[in-house]
Structure formats: C-alpha cells, structure tokens
C-alpha cells in the first residue's frame, strides 16, 4: 500500500492516538510521528512543565510550529495532542497537507483510560471527571470536522482500532492506495 498524505490522528486525551497511530504506522511500514513527543524533546521538559512554566498559549504556539514541520518533512502517521485540532490554523494545515482521522471514544471509555494518570495537565483540577466532561463536550463538535471518523469501543484492541482506521483510509484513494 502507498500512503499519499500524512494521516493525522486527532481526538481526546485517552482516545488512543499514540497507541493506534504506532500500530497503524507499523502496518503501513511508514514513520510514526508524535507532535507531543517532538515538543518534549525540543523543550527538554514534559508538557505539564511547559504548561506550568509558560502557559497553554505558549504550548499551543509551539505545537502549531511542530505540526507544520512534521507535515512538511515526511509522510507517515502523526499523533497530535488532544487540543491540537481545536486550532483553526492547525485544522487548515492538516486539511491542506494531510488527512485528519478522529478516534471517537465516548466519555466513559476516556475516563476509564485517563483517571489514574497524573500526566494530563488539563485534568489537574479538584474534579477531574467534571473537567474531562467539559473538555469533551466542548471538543467533540470540533473533532467531528475531521475528514474521517473511527468509533472506538472498550472491547476493541489497539490492533482492532488500527485495522478500523486502515479500512477507513482505504475509502480515500487520495490518501491510501492499494
């Protein structure tokens, strides 16, 4: 199979963008790229530290620069942070240079996946589930603008999800060719 555009994984924290993205990249034998990992490497600090030291606006600016660079450099599977697709600039860049795939996981599944992790700076609140709910309700209409959507389910393995994304990509000959 030949990948013609970078596939950009979008969705909520805990949706599986990184895990599914890695599995999909392996299936297609293309590079796996991770905008959050690139930011951490460039800043030499964790995302939570960047948020604390420089604020979310600074982080989002760096995120846009990194996504632009990754979309330019090589074709592959790009995992983005949960907030990346909210930016009009990022959505336009992704639409122009790649294809957005929304990993659509429901709120309960997301909560099960993120509730025991302290690596999510946006969930460092008095009521993390209420915060997650608010973020989810605000973001879902934006994620729905993605080119493709793949519904997640608690019973699906990472491989199942990668296969489902692959099937969705095969409906787009401008993105993936057999």
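The values are calculated or read from the model by the stated rules, or taken from the named source; none is laboratory data. The shown structure was predicted, so the numbers you read here are calculated from the model rather than taken from an experiment. Glycine gets a Cβ as well: all are built from the backbone with ideal geometry, and neighbour counts include every protein chain shown.
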Problem - Top-ranked residue of segment 141-165 - restricted to ones that are part of a helix (DSSP H, G or I) and out of contact with any strand residue (DSSP E or B) (no Cβ under 8 Å at 6 or more places or on another chain), ranked as farthest from residue 24 (Cα to Cα) - result: 141
Completion exercise
Residue hits (segment 100-119; crowded, with 22+ Cβ neighbours inside 10 Å and either closer than 12 Å to residue 5 by Cβ or out of contact with any strand residue (DSSP E or B) (no Cβ under 9 Å at 6 or more places or on another chain) (or both)) are 100, 101, 110
Exercise for the section: Confirm whether residue 45 is without any contact (Cβ under 8 Å) to a residue 12 or more places away in the chain and within 25 Å of residue 115 (Cα to Cα). Expected result: yes
Fill in the blank from the handout: Just one listed residue, out of 13, 9, is surrounded by 15 or more Cβ atoms within 10 Å (Cβ to Cβ) and modelled with pLDDT of 95 or more, and it is 9
Exercise for the section: Would you check if there is a residue in segment 107-129 being under 17 Å from residue 33 (Cα atoms) and at pLDDT 95 or above? Expected result: no
Practice task
Could you tell me which numbered condition residue 137 fails, if it satisfies all but one of (1) surrounded by fewer than 18 Cβ atoms within 10 Å (Cβ to Cβ); (2) not in a helix (DSSP H, G or I)?
Solution key: (2)
Practice task
Scan segment 124-142 residue by residue and report those that are closer than 20 Å to residue 59 by Cα and over 17 Å from the mean Cα position of the chain (by Cα).
Solution key: 124, 125, 131
